[in-house]
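**Q** The structure follows.
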Amino acid sequence: MVLRFEFRPPEETSSRVKFTSRFIETEGFLEEREANEFTKRGTFGTAPRGLKSLFGGPQRKGLNKDPDDKPPLLARMAANALQVDIKNTANTQVIAFGGKVLALWEAGMPYRLDPVSLETLGIDSLGSPKDLEPGKLAVNYIPGIPEEFQPKVLGGKAHTAHPKMCPRTGHLVGWTWAQNPADGSMEVTFTEYDSDGFRVVASDTHVMAGCALAPHDCVVTEHYIFLKVNALEMDKLSFLSGAEGPAECLGMDGRANVHAFVFPRPTLSREEKTEYSPFLVEDIPACFSIHFSHGYEDEKTGNIVSFFSGWPPNDSETFLGAWGGFCPDYDKIPPTYYWRMEFDPKSKQCVDLRVSPGAENICCEHPVVHPNFQTKDATYAYAQCCNAIGDASAPMGYAKFRLDGSAIVQPNLDLGEKNYSVDVYWVGSRRFAGEPLVVPKRNGNLEREEDAYLLGLVYDAVKNQSSIVIFDLERDLKKGPVCTVWLRTALPHGLHGCFAPDPSVQTSSFC
């Protein structure tokens, strides 16, 4: 489902906020709505059932009930063995750019939506119809076999759900990926688009050796793009046999060192690409990155500095861990912190990795900065905040971090000790905070990070009602929102979104 809020300009007489919501009518959605059951495998375990005459169908327990028990192993395998075309749910990110609104999913193609009605207009190939065909896996052809004899499901590509905006050029920086079955590497193609008709400005293709699984997020700086690879492995037998869903088949080593691939941006000149050549950063200390807020090149050292949300070293062996069921089991889930990471392009080493100074014991997710500072040394970052004692829990507020060296650093806080120095607003008991979005003020100064608003969606479990909270970033978050817009009903907990400053949707700020 995609949600749309329209805030009318102040010069209009009506100050009401208009709300629209609509399901994204993907191919899988339409097929399953017609069949009234799962017909394709989903990323997180939903899948068709086989041998219904023997094991029966799913039990419909109704809303707010524990999900139905997983079907027996034989029922799962009978329906899903060798069914490798995973359902494209187009449910991870929504961006507005180049006159288009796109719903993204990281293992398939974007779906285009009408900017006003949210009607699904169909799959958008981003100018690459051959590479982004529906029904094709993001796996390259097997070398040495003519194309006409290749399996029909091979030869496709998938587009990331996390492209980035370059504030200097106004380009959208996206990337597609495909696995190379012969050697276990991954082919990635970085493309920069102009907002004028979604025109391709430049594109480069690279190979990441030994990378079997696509990274979730990326970092863009003035000259570089980098992808950090977490310590994940796919249990191919469980996946191909239909015994488990894709995400269930992901195993992780929470204490293994990780690495990152760094590439020059495709818009650089030939001479610049020689100076900013690709390199691999090996032996990054154990950490699991989830979402990057931003990155930049330090003017003094030339080093690449980035900030991200992620897990510290831990003993988790599976990616999903305790995320299944009616609600997550936070006793078993690692806490998520806000990290600072620094690479030296000369030595090709990670020279710094730690919780961002001042953010100790702040459990948080979905960090963002002012959109004009995506590739710059930002002073402030904001995040969905769970607690200030270093534990894992549900998101209960919003936090503001200082990144300019003025934060109070507390490296010796023990688990359970509260960090009182960070500016946090708690939304209240039995209220849950959604992902924050920083929106520059109309006619504001884009060089002032405080000249913006922070928006967040909050769910009140007592009222069973949702609201949008709006903070003026000229003020401390702890002073509370300057506006709360209550909806008439509750909205499902969602993921990433964007803000388009005008109906032409030529560009947007997104998280």
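The values are calculated or read from the model by the stated rules, or taken from the named source; none is laboratory data. Note that this is a predicted model, so its numbers are computed, not measured. Here the Cβ is made from the backbone with ideal geometry for all residues, glycine too, and neighbour counts use every protein chain on show. Protein only, heavy atoms only, side chains kept; ligands, DNA and RNA dropped before computing areas. Shrake-Rupley method; radii C 1.70, N 1.55, O 1.52, S 1.80 Å.
**Q** For the chain, what is the calculated [θ] at 222 nm in deg cm²/dmol (nearest 500), taking -39500 (n - 2.57) for each run of four or more DSSP H residues and dividing by its residue count?
**A** Here the helix-only value at 222 nm equals -1500 deg cm²/dmol.
**Q** Of 116, 422, 153, which has the most accessible area and how do the rest follow, probe 1.4 Å?
**A** The most accessible residue leads, giving 116, 153, 422.
**Q** Looking at the square roots a ≥ b ≥ c of the eigenvalues of the Cα gyration tensor of region 411-511, which shape do they give, rounded for a/c under 1.5, prolate if a/b is larger than b/c, or oblate?
**A** oblate
**Q** If you take every residue apart from residue 461 with its C-beta less than 13 Å away from the C-beta of residue 461, what net charge results, scoring Lys and Arg +1 and Asp and Glu -1? Each step should come with its number before you reach the end.
**A** Values: positive: 430, 431, 463; negative: 460.
Residues near residue 461 contribute +2 overall.
**Q** In whole percent, what relative contact order does region 378-511 give with Cα contacts below 8 Å and a gap of six or more residues?
**A** Across region 378-511, relative contact order equals 19 percent.
**Q** Assuming a ≥ b ≥ c are the square roots of the Cα gyration tensor eigenvalues, decide whether region 120-250 counts as rounded (a/c under 1.5), prolate (otherwise, with a/b larger than b/c) or oblate. Could you put the intermediate results ahead of the total?
**A** Values: a/c = 1.83, a/b = 1.45, b/c = 1.26.
Verdict is prolate for region 120-250.
**Q** Can you pull the percent of region 311-454's accessible area that's carbon plus sulfur, 1.4 Å probe, other chains left in place?
**A** Heavy-atom surface of region 311-454 belonging to carbon and sulfur, 1.4 Å probe: 49 percent.
**Q** Right, next: Would you mind calculating the relative contact order of the chain from Cα pairs under 8 angstrom and at least 6 residues apart, reporting the percent as a whole number?
**A** Computed over the chain, the figure is 10 percent.
**Q** In addition: Counting only the heavy atoms of the protein chains, how much of residue 249 is accessible to a 1.4 Å probe, in Å² to the nearest 10?
**A** It works out to around 10 Å².
**Q** Something else about it: Find how many whole Å separate the alpha carbon centroid of region 195-216 from the alpha carbon centroid of region 434-476.
**A** Centre-to-centre (Cα) distance: 31 Å.
**Q** Let me ask something else about it. What does the charge count around residue 434 come to, taking other residues whose C-beta lies under 13 Å from its C-beta (Lys +1, Arg +1, Asp -1, Glu -1)?
**A** -2
**Q** Okay, moving on. With a 1.4 Å probe and all protein chains left in place, how much accessible area per residue does region 243-370 have, in Å²? Mind showing how you got there, number by number?
**A** Details: 5440 Å² over 128 residues.
I get 43 Å² per residue for this part.
**Q** Then there's this: Let a ≥ b ≥ c be the square roots of the eigenvalues of the Cα gyration tensor of the chain; is it rounded (a/c under 1.5), or, if not, prolate (a/b larger than b/c) or oblate? Kindly include the intermediate steps, with their values, before the conclusion.
**A** Values: a/c = 1.30, a/b = 1.13, b/c = 1.14.
Verdict is rounded for the chain.
**Q** Kindly report the accessible area of region 74-218 per residue (heavy atoms of protein chains, probe 1.4 Å, no ligands, DNA or RNA), in Å².
**A** So region 74-218 comes to 41 Å² accessible per residue, rounded to a whole number.
**Q** For residue 251, what charge total do you get from the other residues with a beta carbon under 9 Å from its beta carbon, if Lys and Arg give +1 and Asp and Glu give -1?
**A** Taking every Cβ under 9 Å from that of residue 251, the sum is -4.
**Q** Ranked highest first by the average count of other Cβ atoms within 10 Å around their residues, in what order do 72-84, 332-344 fall?
**A** 332-344, 72-84
**Q** Which of the pairs 40/100; 300/418; 332/479; 441/479; 136/228; 376/478 have their Cα atoms more than 24 Å apart in this structure?
**A** Violating the 24 Å limit, Cα to Cα: 40/100; 300/418; 332/479; 136/228; 376/478.
**Q** Taking every DSSP beta bridge that has both residues in region 67-221, what percent is antiparallel when rounded to the nearest 5?
**A** Details: 34 of 35 bridges.
Here the antiparallel bridges make up roughly 95 percent for region 67-221.
**Q** Which FRET efficiency, nearest 0.05, do residue 116 and residue 478 yield, Cβ-Cβ r, R0 51 Å?
**A** Taking R0 as 51 Å, the efficiency between residue 116 and residue 478 is 0.90.
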